[in-house]
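Below is one structure; the comments refer to it alone.
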Amino acid sequence: MRYQIKPIHCRPWTLSYLSVKLIESHYENNYGGAVRRLNAITEQLESLDFAKAPAFVVNGLKREELIAMNSMLLHELYFASMGGDGQPTKAMSEILARDFGSLERWRAEFRAMGYALGGGSGWVLLTYIPREGRLVNQYAAEHSQAVAGGVPILALDMYEHAYHMDFGANARAYVDTFMRNVDWPALESRCEDARKVAPPRPLEQPEFGDVQGIGVEEVKAMMAAGKPVQVIDVRPRASVTRGQDIAEGIEWRDPEQLKEWIGELSKSDPVVVYCAYGFHVGCRTAIKLREAGFDAKYMNSGHSGWKAIGAPMKLQP
């Protein structure tokens, strides 16, 4: 596969306080250089005998491929980010206010990140995270750091080649100028496309029907708030014996002896049960409790998830 130069999105002569000379140099030398470098690396990889190639050769080429590819992609997004009048659209203002508290807070954070890279190098990106369904500001250093699964929709190049010809060492003035040239309608379109990207497929356990799960963070918050909830550790006896620990404030009950302890529960308060990882034992116990008339749910990542969020633990007697 060979990578091709994409047309420059912004019209250089229309940009405010950014010279045509700077934009052309940036596009031709830095973006163009990334594409040329990526094609050269791709050619070497295509001719490589991976079964015989030394590990350091494979490692070096694949690392350089990642750097060159991200440099190409981020430069394309950077040029596509400019060419507007810097006036936020109503839709983007609302989305940024939702995810950052206010448009101004997002703008202040994005600018501050750019200022902080003055004299250094890297990218400031506005990125949509399908897993969370929200936007975040992130750094991307060396063209190779990014939020896994994220979709960048706005890119600010903070390598000195992006501004030194016009602004010298005054990176702050460059950042402010970039913000005045953001193409907000185009940004809104990219945001709409990004929001169509599906989040990672959730864990599905069709064998357990409609029994409802609940996250460990929500259970912890309910307990901390003193809400009436009955949380029970129903890990199999062997699992408890092996692990020898239990969450503070929670009792263990043998899932094989459900009939012996079910009478201790109140049907007026919700019940949350969990096993080691939030799979079969916890789900089956929740089903049995629901069949007995309890408002029961299973904690969907179990004892392991409880420990993973740093919830307090104690040794099991």
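Computed over protein heavy atoms with a 1.4 angstrom probe, the accessible surface ordering of PHE50, PHE56, largest first, is PHE56, PHE50. For region 237-276 versus region 130-189, the inter-centroid distance based on Cα atoms is 50 Å. Full extension of the segment from ALA198 to ASP85, taken as 0.36 nm per residue of separation minus the current Cα-Cα distance, would add 37.5 nm.
Tell me, what % of the accessible area of the chain is carbon and sulfur with a 1.4 angstrom probe? Here it works out to 52 percent. So, counting K/R as plus one and D/E as minus one, what does the shell of residues with Cβ under 13 Å around PRO312 add up to? Around PRO312, the charge tally is +1. Between region 1-25 and region 46-67, how many Å separate their Cα centres? Centre-to-centre distance over Cα atoms comes out at 32 Å. Of the cross-linked pairs LYS62/LYS307; LYS6/LYS196; LYS90/LYS307; LYS6/LYS52, those separated by over 32 Å at the C-alpha level are LYS62/LYS307; LYS90/LYS307; LYS6/LYS52. Given R0 = 41 Å, the distance between the Cβ atoms of GLN205 and LYS21 translates into a calculated FRET efficiency of 0.10. A convex hull fitted to the Cα coordinates of region 73-159 yields 95 cubic angstrom per residue. Taking the average, over residues, of other Cβ atoms within 10 Å as the packing measure, peptides 230-243, 205-218 rank 230-243, 205-218 from highest down. Counted over the chain, the DSSP beta bridges are approximately 60% antiparallel.
Solvent exposure of region 1-137 amounts to 52 Å² per residue of accessible area, where only protein heavy atoms count and the probe is 1.4 Å. Assuming charge only on the beta carbon of Lys and Arg (+1) and of Asp and Glu (-1), the dipole of the chain about its Cα centre is about 200 debye to the nearest 20. Taking a Cβ cut-off of under 11 Å around VAL20, the surrounding Lys, Arg, Asp and Glu residues balance to a net charge of 0, with basic ones at +1 and acidic ones at -1. Please work out, to two decimal places, the log10 of the ratio I(q)/I(0) at q = 0.08, 0.09, 0.11, 0.12 Å⁻¹ from a Debye calculation in which every Cα of the chain carries one identical scatterer. Normalising to I(0) and taking log10 leaves -0.59, -0.69, -0.83, -0.88.
Relative to the longest principal axis of the Cα atoms of the chain, the long axis of helix 280-291 makes an angle of roughly 60 degrees.
Here LYS267 is the anchor, and the lysines within straight C-alpha reach of less than 26 Å, apart from those fewer than 8 places off in the same chain, are LYS220, LYS227, LYS259, LYS288, LYS297. In the context of the full set of protein chains, residues of region 161-317 present 55 Å² of accessible surface per residue (probe radius 1.4 Å, heavy atoms only). To the nearest ten degrees, helix 32-47 and the longest principal axis of the Cα atoms of the chain are 60 degrees apart.
The values are calculated or read from the model by the stated rules, or taken from the named source; none is laboratory data. As the structure is a prediction and not an experimental result, all values here were calculated from the model. As a convention, Cβ positions derive from the backbone with ideal geometry for all residues, glycine included, and neighbour counts pool all protein chains shown. Just the protein is used for accessible areas: all its heavy atoms, side chains included, with ligands, DNA and RNA removed. Shrake-Rupley method; radii C 1.70, N 1.55, O 1.52, S 1.80 Å.
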